[in-house]
């Protein structure tokens, strides 16, 4: 699966898509593949303030728990409720199965993260 | 390469290259480089369901094997293991355990009676060296040899309701004549005198075969089993599914439900421990432990609230007092529930009793449920 060019990527394998001052956050295809069957996501409440680089929730596969790290700071304006019922959608469509929508404190903050090309190089080296 | 790097290298089974070719995700399991799941099979959940509904195959060559052989082999086995091996007939196996004098576990084992002078103990991968040296030390006063023969065999488990139909294509032995926990020798994949045991670690019907551990033979057998099971949708399965399958069946895992600090009574394995037979290592310790009272007991839990109890999580009572811990916990793919095994005081072990498992700071309500969580349907 290709990594969308208009997303930015963290070293902890989250992606963020920024439009204006709104950011959508999910985990990468590489992350879902490493986790295996995803069975549970724990997300923050709407209205919560989250800080870049800090944990904002967890994602669980059958065999492991992983922390989710915020790619940027901001206020949670929406969470993807459908993932409570169908967490396996993250396995199927990691690029579109967003987890939280953020009102970004600083829309420029995500520019410092990796581009799609850099991220692909990063995971190739990690292997 | 330095010698230190060499000694840290993970051990590999004869099927290692084949697993990698199949694209398996590999993990370090007790010092062995083993497949945890095969994306080509659809991953852990699919593998688990395949074993419950069709047939799956596992490389379990990392398991250890100790052969106890000699005129006093039976006496030796009786002394070092808690079940009563004198009840075994030739071609029969049973679940047992090796114990420390306190009645805690060196390891759990399957004892196979090969002949009156020959007993094969199948032991865990992570405890192979420890078990072997413990066995050698404890059989020293008997006329017998205890040999580590683990490296001689590639052990393949074929498990699931279609296991018999799959394996039957590859052997001249009438598999319908092998009862659960019995074994026979016969030709498998043109290999004469191959051991076929109706055993496994999945709580499903199935077989384990022991073939020579050279790479070409091991790969040939693996491929022939794959081919034979194709019409039943056979899939290679990794240690991930092996763990969830055994958990649904409440089968103990060393280092989790049993260890050198947990005794037989606590682990609820008393039915495999024959106190009435003459002396064995651990008997006196267990008598004392019983007289002193059992402070904790293994129970099955099912999460009522949202949350997945996992290994090591703490268990609390309704007054927020810590009362125990989870030994194994996971989503159960077949049962579609979040289940766990946990040690709690007997006062909290009643069926239906509510306890709380702490998951990342939150107390998640669980209840004590009957075990095994899963029992395979009786054959019709």
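For the range A:68-86, a residue qualifies if it is closer than 26 Å to residue B:46 by Cβ and either modelled with pLDDT of 95 or more or away from chain B (no Cβ under 12 Å) (or both), and the qualifying residues are A:68, A:80, A:82, A:83, A:86.
State whether one or more residues within the range B:288-300 are surrounded by 15 or more Cβ atoms within 10 Å (Cβ to Cβ) and free of Cβ contacts under 8 Å to residues at least 24 places away in the same chain. Checking the range B:288-300: not a single residue is surrounded by 15 or more Cβ atoms within 10 Å (Cβ to Cβ) and free of Cβ contacts under 8 Å to residues at least 24 places away in the same chain.
Being within 23 Å of the chain's Cα centre (by Cα), more than 14 Å from every other protein chain (Cβ to nearest Cβ) and over 30 Å from residue B:81 (Cα atoms) holds for only one residue in B:322, B:302, B:354, and it is B:302.
Considered as a group, the residues in the range B:273-282 that are farther than 10 Å from residue B:78 by Cα and in contact with a strand residue (DSSP E or B) (Cβ under 8 Å, 6 or more places away or on another chain) include one that is surrounded by the most Cβ atoms within 10 Å (Cβ to Cβ), and that residue is B:282.
Only one residue in B:71, B:39, B:101 is out of contact with any helix residue (DSSP H, G or I) (no Cβ under 9 Å at 6 or more places or on another chain) and surrounded by fewer than 20 Cβ atoms within 10 Å (Cβ to Cβ). Which one?
Working: B:39 fails: out of contact with any helix residue (DSSP H, G or I) (no Cβ under 9 Å at 6 or more places or on another chain); B:101 fails: out of contact with any helix residue (DSSP H, G or I) (no Cβ under 9 Å at 6 or more places or on another chain).
Only one candidate passes the filter, namely B:71.
Look at the range B:278-294 and say how many of its residues are in a loop (DSSP other than H, G, I, E, B) and closer than 18 Å to residue B:81 by Cβ.
To start, the set of residues in the range B:278-294 that are in a loop (DSSP other than H, G, I, E, B) comprises B:278-282, B:293-294.
Next cut, closer than 18 Å to residue B:81 by Cβ only: B:278-282.
Number satisfying all stated conditions: 5.
Against the test of being outside the structural domain of residue B:337 (by TED's automatic domain parsing), under 27 Å from residue B:339 (Cβ atoms) and either under 18 Å from the mean Cα position of the chain (by Cα) or at pLDDT 95 or above (or both), the options B:229, B:240 yield a single qualifying residue, B:240.
Do we find that residue B:205 is assigned by TED's automatic domain parsing to the domain that holds residue B:49, within 25 Å of residue B:247 (Cα to Cα) and touching a residue at least 24 places away in the same chain (Cβ under 8 Å) in this structure? Yes. Residues that are more than 21 Å from residue B:149 (Cα to Cα) and at pLDDT 95 or above within the range B:1-26 comprise B:17, B:18, B:19, B:20, B:21, B:22, B:23, B:24, B:25, B:26, listed in sequence order.
Given the options B:226, B:199, B:217, name the one that is part of a loop (DSSP other than H, G, I, E, B) and in contact (Cβ under 8 Å) with a residue 40 or more places away in the chain.
Values: B:226 fails: part of a loop (DSSP other than H, G, I, E, B); B:217 fails: part of a loop (DSSP other than H, G, I, E, B).
Of the residues listed, the single one that is part of a loop (DSSP other than H, G, I, E, B) and in contact (Cβ under 8 Å) with a residue 40 or more places away in the chain is B:199.
Within the range B:35-53, being farther than 17 Å from residue B:158 by Cα and either more than 9 Å from chain A (Cβ to nearest Cβ) or outside any helix (DSSP H, G or I) (or both) holds for B:40, B:42, B:43. For first residues located in the range B:313-325 and assigned by TED's automatic domain parsing to the domain that holds residue B:303, partners that are surrounded by fewer than 12 Cβ atoms within 10 Å (Cβ to Cβ) and lie 6+ apart or on another chain with Cβ distances below 6 Å form the pairs B:314/B:322; B:316/B:322.
The values are calculated or read from the model by the stated rules, or taken from the named source; none is laboratory data. As the structure is a computational prediction, the values presented were derived from the model and not from experiment. Cβ atoms come from the backbone with ideal geometry, glycine included; neighbour counts cover every protein chain shown.
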